[in-house]
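The structure appears right after this line, and notes come after that.
The values are calculated or read from the model by the stated rules, or taken from the named source; none is laboratory data. Everything numeric in this text was worked out from a predicted model, so none of it was measured. All Cβ positions, glycine included, derive from the backbone under ideal geometry; neighbour counts span all protein chains shown.
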């Protein structure tokens, strides 16, 4: 169970009145992908994979440039996602709201860092990331215990790293 932070009276009132920090909710739900049902996390992951695939084919970067750009995007999404998911969790009154999918976006981007930009590798990356995100094998589950947005984001970052490693190993043999 994650650490429960102390909530101030003003934060409690804001949560009860339905106040929403617009930028945090837009990013936290990845512009509404997290509001889709069923499986909002899968929608967030698919959105990230599709954006990555579209960018790779629209701009035709070389492999190294694509890997660097994907790494930078994953870092930026993670760094902005931590405060965004913290705010959305506080404002919704939930510890890890299912509609917050910015963590899946960051994790999926990590899983795509060194993947060839073809649909087969993108789908493999997507499947591996979703499996690790859903089942949370050790050590991924340990990151969930971190407080607020840090825990929300970093378990998916860990799942993305593990998915990337497995995809790269699988690519060596198949």
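Looking only at helices (runs of 4 or more DSSP H) that lie completely in region 82-174, which have at least 2 residues being surrounded by fewer than 18 Cβ atoms within 10 Å (Cβ to Cβ)?
Passing ranges, in order: 119-135, 140-143, 148-173.
Could you check, for region 15-27, whether at least one of its residues is surrounded by fewer than 14 Cβ atoms within 10 Å (Cβ to Cβ), in contact with a helix residue (DSSP H, G or I) (Cβ under 8 Å, 6 or more places away or on another chain) and in a helix (DSSP H, G or I)?
Yes, region 15-27 contains a residue that is surrounded by fewer than 14 Cβ atoms within 10 Å (Cβ to Cβ), in contact with a helix residue (DSSP H, G or I) (Cβ under 8 Å, 6 or more places away or on another chain) and in a helix (DSSP H, G or I).
Exactly one condition in (1) farther than 14 Å from residue 53 by Cβ; (2) touching a helix residue (DSSP H, G or I) at 6+ places or on another chain (Cβ under 9 Å); (3) at pLDDT 95 or above is false for residue 141; which is it?
Of (1) farther than 14 Å from residue 53 by Cβ; (2) touching a helix residue (DSSP H, G or I) at 6+ places or on another chain (Cβ under 9 Å); (3) at pLDDT 95 or above, only one is false for residue 141: (3).
Only one of these is more than 14 Å from the chain's Cα centre (by Cα) and either assigned to a helix (DSSP H, G or I) or surrounded by fewer than 17 Cβ atoms within 10 Å (Cβ to Cβ) (or both): 51, 66, 79. Name it.
Within the list 51, 66, 79, the selection yields 66.
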